[in-house]
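This report concerns only the one structure given below.
The values are calculated or read from the model by the stated rules, or taken from the named source; none is laboratory data. Since this is a predicted model, take the numbers as computed values, not measurements. Cβ placement follows ideal geometry from the backbone for every residue including glycine, while neighbour counts extend to all protein chains displayed.
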Amino acid sequence: MQSIFHVAIHVSDLELSRQFYGELLGCEEGRSTDTWVDFNFFGHQLSLHLGEPFRVTNTGKVGEHDVPMPHLGVILKMSDWIVLKDRLIKGRVNFVLPPSIRFPGEPGEQATMFFLDPAANPIEIKGFTDLQSVFAA
């Protein structure tokens, strides 16, 4: 069964969020009101509502890194990941974990990068050469 996920998170400023998700990440804006805005987040519905964002701690142990929890993410084809990585570097994004390859030569080898949106919500973008290996054990 394939589906499109929907997630709703709090942000502190809708205009800054529009610039970040729309202009920097290249996500298409959908419906909105004075208190929320929807984005097509790489094929999924992301709703940003005004409010207090989740408390975040770096407690997700992955390999040698403690990653921000909770976090939002998406998995891209490697070629798309590289394009987005370059756009984020050009846009001078401050990375929580800079672009790198995780689990090289192992099942599930992936590119990854973590950064924060303007409300300090952590985002992880993964890149896979073969999307069939996402769930490889």
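Among the residues of segment 95-114, is any in a strand (DSSP E or B), in contact (Cβ under 8 Å) with a residue 40 or more places away in the chain and buried (at least 16 other Cβ atoms within 10 Å of the Cβ)? Taking every residue of segment 95-114 in turn, at least one turns out to be in a strand (DSSP E or B), in contact (Cβ under 8 Å) with a residue 40 or more places away in the chain and buried (at least 16 other Cβ atoms within 10 Å of the Cβ).
To keep it simple, each residue is scored yes or no on (1) in the same structural domain as Gly127 (by TED's automatic domain parsing); (2) part of a strand (DSSP E or B); (3) without any contact (Cβ under 8 Å) to a residue 60 or more places away in the chain.
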residue: Glu15; (1), (2), (3): no, no, yes
residue: Glu29; (1), (2), (3): no, yes, yes
residue: Phe39; (1), (2), (3): no, yes, yes
residue: Lys61; (1), (2), (3): yes, yes, yes
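From the set of residues in segment 116-127 that are buried (at least 19 other Cβ atoms within 10 Å of the Cβ) and not in a loop (DSSP other than H, G, I, E, B), which is farthest from the chain's Cα centre (by Cα)? Only one residue fits best here, namely Gly127. A residue that is of a type in the set (D, E, K, R), within 15 Å of the chain's Cα centre (by Cα) and over 19 Å from Ala111 (Cα atoms) occurs somewhere in segment 22-36. Pro122 meets the stated requirement of being under 22 Å from Gln19 (Cβ atoms) and outside the structural domain of Phe39 (by TED's automatic domain parsing).
Could you grab me the full set of residues in segment 75-129 that are among the aliphatic types (A, V, I, L, M), closer than 20 Å to Leu48 by Cβ and in contact with a helix residue (DSSP H, G or I) (Cβ under 8 Å, 6 or more places away or on another chain)? Of everything in segment 75-129, those that are among the aliphatic types (A, V, I, L, M), closer than 20 Å to Leu48 by Cβ and in contact with a helix residue (DSSP H, G or I) (Cβ under 8 Å, 6 or more places away or on another chain) turn out to be Leu88, Val93, Ala119, Ile125. Of all the criteria given as (1) at pLDDT 95 or above; (2) surrounded by 13 or more Cβ atoms within 10 Å (Cβ to Cβ); (3) within 23 Å of Thr129 (Cα to Cα), the one not satisfied by Gly51 is (3).
Screening the candidates Ile82, Ile9 for the property of being hydrophobic (A, V, I, L, M, F, W, C) and surrounded by fewer than 16 Cβ atoms within 10 Å (Cβ to Cβ) yields one hit, Ile82.
The set of residues in segment 80-94 that are touching a residue at least 60 places away in the same chain (Cβ under 8 Å), more than 13 Å from the chain's Cα centre (by Cα) and in a loop (DSSP other than H, G, I, E, B) contains only Gly91. Within the option set His71, His65, being over 17 Å from Thr129 (Cα atoms), over 14 Å from the mean Cα position of the chain (by Cα) and surrounded by 13 or more Cβ atoms within 10 Å (Cβ to Cβ) holds for one residue only, His65. Against the criterion of being within 21 Å of Gly108 (Cβ to Cβ), outside any strand (DSSP E or B) and of a type outside the set (S, T, N, Q), Ile4 does not qualify.
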